[in-house]
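Engineer: Take a look at the following structure, please.
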Amino acid sequence: MLDLVIDDFAKEYLHSDLREIREAVLGKLDGLSEYDVRRPLTGTGTNLLGLVKHLTLTEARYFGEVFGRPFPEPVPRWDDLDRRGTDMWATEHETREEIAGRYRRAWAHSDATIAALAVDSPGHVPWWPRPDVLLFNVLVHVLTETGRHAGHADILREQLDGEVEAAGRDAAFWAARRAEVERAARAAAG
């Protein structure tokens, strides 16, 4: 009985964090132009809308095919080498609304999988070296992956318009902080 309580707690704890971080990722698109959500901001082309598109595919695969519950919309196969990387950017024909809507539908599908399965339900990830997994493993993986890309989104958004999530901090605070960090870096470099 205690194991079941701990399992339910772990599942809900991870799921709750995932729901929260999903919203944070989508929130990074708010108030930006079409160009700004799509424009490549790193040497590898990383962009905000591409991160959302990638996370959609992540959830569709991990909470879909891994547990025999395929996402009802078409997604490229994991072993389709010709399509690899196309989930990291939006074409000119894909709208922000389509991509964000598909991400929300992937959440709903993922949430239904998470709700339907016990935390120790088995799944199979054919692209992993140890492909036999549990829902727990996948929850941790997707939460980690989403958190990683949320961090990317934070940095990209700050590059675009200086927006940061820090209540009570204004531009003067951040200018002073940056100057302090720069002084420390120069002093350490000699």
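Engineer: Exactly one of these conditions fails for Arg157: (1) buried (at least 19 other Cβ atoms within 10 Å of the Cβ); (2) within 22 Å of Arg77 (Cα to Cα); (3) of a type in the set (Lys, Arg). Give me its number.
Structural biologist: Of (1) buried (at least 19 other Cβ atoms within 10 Å of the Cβ); (2) within 22 Å of Arg77 (Cα to Cα); (3) of a type in the set (Lys, Arg), only one is false for Arg157: (2).
Engineer: Identify the single condition in (1) under 25 Å from Tyr35 (Cα atoms); (2) surrounded by 16 or more Cβ atoms within 10 Å (Cβ to Cβ); (3) touching a Leu at 6+ places or on another chain (Cβ under 8 Å) that Ala150 does not satisfy, given that it satisfies every other one.
Structural biologist: (3)
Engineer: I've got another one for you. Does segment 1-50 hold any residues that are farther than 30 Å from Ala118 by Cα, among the hydrophobic types (A, V, I, L, M, F, W, C) and in contact (Cβ under 8 Å) with a residue 60 or more places away in the chain, and which are they?
Structural biologist: Those that are farther than 30 Å from Ala118 by Cα, among the hydrophobic types (A, V, I, L, M, F, W, C) and in contact (Cβ under 8 Å) with a residue 60 or more places away in the chain: Leu29, Leu32, Leu41, Leu48.
Engineer: Can you run down the residue pairs with Cβ atoms below 6 Å, 6 or more apart or on separate chains, where the first is in segment 127-141 and more than 17 Å from Leu18 (Cα to Cα) and modelled with pLDDT of 95 or more and the partner is part of a loop (DSSP other than H, G, I, E, B) and aliphatic (A, V, I, L, M)?
Structural biologist: From segment 127-141, the pairs are Pro131/Val125; Val133/Val125.
Engineer: From the list Val37, Val66, Val52, which residue is in contact with a Gly (Cβ under 8 Å, 6 or more places away or on another chain) and crowded, with 20+ Cβ neighbours inside 10 Å? Full working, then the answer.
Structural biologist: Numbers: Val37 fails: in contact with a Gly (Cβ under 8 Å, 6 or more places away or on another chain); Val52 fails: in contact with a Gly (Cβ under 8 Å, 6 or more places away or on another chain).
Of the residues listed, the single one that is in contact with a Gly (Cβ under 8 Å, 6 or more places away or on another chain) and crowded, with 20+ Cβ neighbours inside 10 Å is Val66.
Engineer: Scanning for something touching a residue at least 40 places away in the same chain (Cβ under 8 Å), among the aromatic types (Phe, Trp, Tyr) and either open to solvent by less than 50 Å² (accessible area, probe 1.4 Å) or under 20 Å from Thr46 (Cα atoms) (or both), does segment 106-126 turn up at least one residue?
Structural biologist: yes
Engineer: Let me ask you something else. Restricting attention to segment 77-97, does a residue exist that is modelled with pLDDT of 95 or more, of a type outside the set (Gly, Ala, Ser) and open to solvent by less than 30 Å² (accessible area, probe 1.4 Å)?
Structural biologist: no
Engineer: Looking at segment 1-59 only, could you name the residues that are assigned to a helix (DSSP H, G or I), more than 19 Å from Tyr103 (Cα to Cα) and aliphatic (A, V, I, L, M)?
Structural biologist: Leu2, Leu4, Val5, Ile6, Ala10
The values are calculated or read from the model by the stated rules, or taken from the named source; none is laboratory data. Everything numeric in this text was worked out from a predicted model, so none of it was measured. Every residue, glycine as well, gets a Cβ built from its backbone with ideal geometry; the counts of neighbours run over all protein chains shown. Heavy atoms of the whole protein, side chains included, go into the accessibility calculation; ligands, DNA and RNA do not. Shrake-Rupley method; radii C 1.70, N 1.55, O 1.52, S 1.80 Å.
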